[in-house]
Amino acid sequence: QVQLVESGGGSVQAGGSLRLSCAASGIFFSINDMGWYRQAPGKQRELVAGITSRGRINYADSVKGRFTISRDYAKNLMYLQMNSLKPEDTAVYYCNRYPPTYAYWGQGTQVTVSS
């Protein structure tokens, strides 16, 4: 059974930083294409950053240059380093495969950025 657990969210002021973590059981990041997603109130869930099993990375235009996705194979963890946060980054952040598997959605972690 696959379980993905996100953590690291919080409330920060604009310009601040957070690092999100995604811990996995039943799935290995090293052999799966993975992504970080977010859903803001009243909006559809969107892909923020993706990383393939071979390490190819892509970012949404809105976060390029500010967010960094990475993986720790030994710990089977995935991270999203978020710098220069903006109020429009406020959302619940999730990790999942890319493209996402419906059954793998977790609870997410809330990120709130105040101006």
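The values are calculated or read from the model by the stated rules, or taken from the named source; none is laboratory data. All values reported here derive from a predicted model rather than from experimental measurement. Virtual Cβ from ideal backbone geometry, glycine too; neighbours counted across all protein chains shown. To get the accessible areas, we keep the full protein, side chains included, count just its heavy atoms, and leave off ligands, DNA and RNA. Shrake-Rupley method; radii C 1.70, N 1.55, O 1.52, S 1.80 Å.
Across the options 84, 49, 15, the greatest Cα extent toward the positive end of the charge dipole of the chain (unit charges at beta carbon of Lys, Arg, Asp, Glu) belongs to 49. Peptides 5-15, 86-96, ordered by how many other C-beta atoms sit within 10 Å of their residues on average, highest first, read 86-96, 5-15. Carbon and sulfur together cover what percent of the accessible area of the chain at a 1.4 Å probe radius? Answer for the chain: carbon and sulfur cover 47 percent of the accessible area. On a per residue basis, the chain carries 55 Å² of accessible surface, using protein heavy atoms and a 1.4 Å probe.
Each residue of region 20-36 is assigned a 3J(HN,Hα), and the resulting list reads 8, 10, 10, 9, 10, 10, x, 8, 10, 5, 5, 10, 10, 6, 10, x, 9 Hz, derived from the Karplus form 6.51 cos²θ - 1.76 cosθ + 1.60 (θ = phi - 60°), x at Gly and Pro. Along region 108-114 the Karplus relation, 6.51 cos²θ - 1.76 cosθ + 1.60 evaluated at θ = phi - 60°, assigns HN-Hα couplings of x, 9, 7, 10, 10, 10, 9 Hz to successive residues, with x for each Gly and Pro.
Between residue 105 and residue 11, the modelled labels are 2.6 nm apart [label points 7 Å from Cα along Cα→Cβ].
Expected output is a single nm value to one decimal: the length gained when fully extending between residue 66 and residue 115, i.e. 0.36 nm times separation in residues minus the C-alpha distance. What is it?
Length gained between residue 66 and residue 115: 16.0 nm.
Using C-alpha pairs under 8 Å with a sequence gap of at least 6, the mean separation divided by the residue count of region 51-115 gives a relative contact order of 24 percent. Simple spin-label estimate for residue 73 and residue 43 gives 3.4 nm between the two label positions (7 Å along the Cα-to-Cβ direction from each Cα). With contacts taken as Cα pairs under 8 Å and at least 6 residues apart, the chain reaches a relative contact order of 37 percent.
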